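Trainee: Before I ask anything, here is the structure I am working with.
The values are calculated or read from the model by the stated rules, or taken from the named source; none is laboratory data. Note that the structure is predicted; figures quoted are calculated from it, not measured. Cβ placement follows ideal geometry from the backbone for every residue including glycine, while neighbour counts extend to all protein chains displayed. Surface accessibility is based on the protein's heavy atoms, side chains included, excluding ligands, DNA and RNA. Shrake-Rupley method; radii C 1.70, N 1.55, O 1.52, S 1.80 Å.
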Amino acid sequence: MNLELNALINGEMINNNEWLEIISPIDLKPCGRVPALKANEINQAFSAARQSFATWKKTTLFERIKLLKHWSQLLLEHKNELAKIMAYEVGKGIKDAEVEIERSIEYIDYTIEEAKRVHPETMTGDGWNIKNKLGIFSRIPKGVILAISPFNYPVNLSISKIAPSLVMGNTVVFKPATNGSLTGLFLAKLFHEAKFPAGVINVVTGRGRDIGDLLITNPEIDLISFTGSVNVGNQIKQKCNGKELVLELGGKDPALVLGDANLAKTVKEIMAGAFSYSGQRCTAIKRVLVAEEVADDLVAMLKTEVEKLTVGSPLDNATVIPIIDDKSADFVQGLIDDALAHQAKLVTGNTRQGNLLAPTLLDHVTTAMKLAWEEPFGPVLPVIRCKSLAEMVKIANDSNFALQASIFTNNLDHAFLIAEQLETGTVNINSKSQRGPDSFPFLGIKDSGQGVQGIRETINSVTRLKGLVINY
Ligand code: G3H
């Protein structure tokens with residue numbers, strides 16, 4: 001594949017004759033190029049977004065819905081082409097990429113339905129000797145939204161920021177991750193084809209070092225919605241001049257396996273949670289905390305399943321695929337090496353061809369190892385054996401990350417009691433951790449993020465209340 005796509009600024013598909021090559025994780029060779037934009041174009045994108053906001057916010061909800069529906073129809077028509085781009089650009093299996101596009105189309109439909117039901121709240125004022133007041137509180141768009149998406153879900157995690165923003169009357173500057181930029185500009189092409197008014201949605205690409213700071217410090221921004229690494233998230237926090245932020249920054253989701261868990265079901269969920277898309281999901285299961293009495297059985301069953309995983313190319317729909325780049329593979333390998341150097345036991349895996357890492361299961365991992373705490377974003381699963389429920393909960397809570405957790409048990413009392421003690425965004429009982437369904441509120445605490453996403457929640461975050469008080 002060798003694609004060349006243009007950016008979308010103020011209704012025009014443009015480039016500045018400078019290019020950024022996109023390196024495919026499949027063979028570490030270029031699979032296309034996108035404009036390496038600079039300050040001039042970035043500023044134009046924000047000015048266009050600000051100018052068009054004045055008219056876009058006055059359009060009717062149904063005018064905005066009509067355009068979004070048209071765009072969503074185009075996405076469906078181009079599903080196969082887009083899935084192929086995703087496979088080359090971010091290494092997602094073709095089938096998984098198609099599912100991601102279908103999921104995103106559903107996201108748009110759901111968003112549209114939610115938007116139709118955003119009604120003003122009306123209340124009477126009847127306290128503190130105040131009477132004869134009727135307050136009407138409506139949700140109005142915040143203005144210009146900067147949406148920055150990660151590589152791993154280049155369609156879903158873009159649309160989940162863009163669709164609620166647009167339908168509620170905001171305008172958007174969208175910057176996809178470098179791997180994800182071809183996908184982002186393909187979406188831009190469809191926005192152009194759907195004939196969104198100039199400036200309402202702008203899609204920009206370029207090197208982070210050239211435009212990262214320019215993007216997040218632009219004075220036109222009313223809200224930044226970012227999904228990506230903790231490092232970049234922290235930089236945004238420091239540099240964004242107090243702009244409002246919604247951040248989703250990764251996790252180290254634990255699966256707590258109690259002594260009475262149904263191990264067959266537990267293994268099925270852990271496998272899907274830990275290894276799909278080579279573990280490159282913020283919500284992947286990234287550590288197993290298991291009761292000692294079932295640890296041998298659990299590890300043996302996991303080993304059998306890990307060894308059945310298909311390893312290879314996303315074009316052949318393998319489960320374990322080359323991870324996004326060599327540097328990331330080195331990082332994962334470093335965590336494995338550190339664990340082994342500290343006497344973790346290799347159960348299976350730990351072979352590597354470039355950025356294709358075999359699925360790796362490590363037992364007897366301890367809290368002294370980096371792998372117990374750091375987020376690998378790769379196909380490696382550490383098992384930490386625990387002597388008590390209290391120890392399990394302590395290790396789960398000692399992490400800097402707190403996105404989701406899973407509890408596997410047949411005892412609902414235990415599940416509820418432990419869920420109550422876990423300091424995390426969401427607790428799943430007897431299932432892998434997972435952001436979907438997208439209509440659920442999605443949030444992380446501590447280093448995992450700030451603010452809440454989800455369809456209704458994102459509609460709330462891209463709007464603010466405005467009151468009108470009638471005195472009679
Ligand atoms: O990487 C984070 C994605 O939002 C994961 O979505 O958990 O529904 O697969 P998912």
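Trainee: Given the condition on the phi > 0 side of the Ramachandran plot, at pLDDT 95 or above, within 16 Å of the ligand (Cβ to nearest atom) and open to solvent by less than 70 Å² (accessible area, probe 1.4 Å), answer yes or no: does some residue in segment 279-301 qualify?
Mentor: Checked segment 279-301: at least one residue is on the phi > 0 side of the Ramachandran plot, at pLDDT 95 or above, within 16 Å of the ligand (Cβ to nearest atom) and open to solvent by less than 70 Å² (accessible area, probe 1.4 Å).
Trainee: Closer than 22 Å to A261 by Cβ and not hydroxyl-bearing (S, T, Y), is that true of I324?
Mentor: Against the criterion (closer than 22 Å to A261 by Cβ and not hydroxyl-bearing (S, T, Y)), I324 does not qualify.
Trainee: Something else: When the residues of segment 118-166 are filtered to those that are among the hydrophobic types (A, V, I, L, M, F, W, C), under 30 Å from the mean Cα position of the chain (by Cα) and open to solvent by 10 Å² or more (accessible area, probe 1.4 Å), which remaining residue is nearest to the ligand (Cβ to nearest atom)?
Mentor: Of everything passing the filter in segment 118-166, F151 is nearest to the ligand (Cβ to nearest atom).
Trainee: Now a separate question. Do the conditions hold for H78, that is, is it within 24 Å of the chain's Cα centre (by Cα), over 24 Å from S276 (Cα atoms) and surrounded by fewer than 24 Cβ atoms within 10 Å (Cβ to Cβ)?
Mentor: yes
Trainee: In segment 252-278, which residue that is surrounded by fewer than 24 Cβ atoms within 10 Å (Cβ to Cβ) and of a type in the set (D, E) is nearest to the ligand (Cβ to nearest atom)?
Mentor: Checked segment 252-278; the qualifying residue nearest to the ligand (Cβ to nearest atom) is E269.
Trainee: Among I101, I108, which is under 30 Å from G467 (Cα atoms), of a type in the set (A, V, I, L, M) and in a helix (DSSP H, G or I)?
Mentor: Exactly one of I101, I108 is under 30 Å from G467 (Cα atoms), of a type in the set (A, V, I, L, M) and in a helix (DSSP H, G or I), namely I108.
Trainee: Would you check if L245 is aliphatic (A, V, I, L, M) and more than 21 Å from the chain's Cα centre (by Cα)?
Mentor: For L245, the condition - aliphatic (A, V, I, L, M) and more than 21 Å from the chain's Cα centre (by Cα) - is not met.
Trainee: Which strands (runs of 3 or more DSSP E) sit wholly inside segment 167-238 and have at least 1 residues that are within 16 Å of the ligand (Cβ to nearest atom) and either at negative phi or touching a strand residue (DSSP E or B) at 6+ places or on another chain (Cβ under 6 Å) (or both)?
Mentor: 223-227
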